[in-house]
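The values are calculated or read from the model by the stated rules, or taken from the named source; none is laboratory data. This one's a predicted model, so the numbers in the text were calculated from it and none came from an experiment. Neighbour counts are summed over all protein chains in view; Cβ atoms, including those assigned to glycine, are modelled from backbone coordinates with ideal geometry. Remember, those area values only see protein heavy atoms, side chains included, never the ligands or the DNA or RNA. Shrake-Rupley method; radii C 1.70, N 1.55, O 1.52, S 1.80 Å.
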Amino acid sequence: MLAFLSGAPGPNGLRAPGRVTKRDVARAFGVGADKKTELKLMIRDLEADGAITRGRKVLQRRGRLPPMLVADIVERVEGEFIAKPAEWNESGEPPRIRVRKPKLSRDKAPTPTIGARVLMRIDADGEGEDLPVAYSGRVVKILDRARGRMLGVYRELENGAGRVQAIEKKASARELFVPPGMSGDAVEGELVVLEPLREGRFHMPTARV
């Protein structure tokens, strides 16, 4: 079940959908009506052990990304886009996801840009005692082509806050304040993608990295 929640195919050969429910697990493993009570107890035990989390009937392996998720394209490294999950409720930094390029030239997979929000189907590239879980995936759909977002150069301030000078021509004179905890580990002089927030104190425009 844990492997299925991590993206491995079930005994019937089908992979888990983006939001896995108890019904999806029962269907994948051929659990009949006479075994549903045992399945319910197994899920409860895994939840008590901290192996999985359950919210609004959706099951997810703790510390692992679901096979389908919404992610943000955050950077480009050696010609490859890197994404991070749009939502991350676990402790520590969210995992990085390498965006795979289409294998065939006729593959019409959407091409994202930095700052875009996308729907991705992902796989765990490997895991083990000495090998951290790494992810790669393909973009299924572009949900947001960075509408309302902008690029800028990050400047560190005290107490973890920062300021960013926008570099786009239409917003070149605009400076935004980044509240503490919203810098995304940006460092002095780094080029960042900003998501504007509502105005803060003294009507200063704010944003998060």
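Give me the percent of accessible area attributable to carbon and sulfur for region 8-65, probe 1.4 angstrom. Working shown, then result.
Working: 1930 of 3970 Å².
Within region 8-65, the accessible surface is 49 percent carbon and sulfur.
Multiply the residue separation of Thr113 and Lys22 by 0.36 nm, subtract the distance between their alpha-carbon atoms, and state the gained length in nm to one decimal.
Working: separation 91, 0.36 × 91 = 32.76 nm, distance 3.57 nm.
Additional length available on full extension: 29.2 nm.
Where only protein heavy atoms count, and the probe is 1.4 Å, what is the accessible area per residue for region 1-97 in Å²?
Working: 5940 Å² over 97 residues.
Accessible area per residue: 61 Å².
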- Task: With all protein chains present, calculate the accessible area of Arg208 using a 1.4 Å probe and round the result to the nearest 10 Å².
- Result: 100
- Query: Taking H as built 1.01 Å from N, whose amide H comes closer than 5 Å to the amide H of Leu65, not counting residues under 5 places away?
  - Reply: none
- Message: Please compute one quarter of the surface area of the Cα convex hull for region 14-82 and express it in square nanometres.
- Response: 6.2
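Within a Cβ distance under 12 Å of Leu41, other residues only, what is the Lys/Arg minus Asp/Glu net charge?
Numbers: positive: Lys22, Lys35, Lys36, Lys40, Arg44; negative: Glu38, Asp45, Glu47.
In short, +2.
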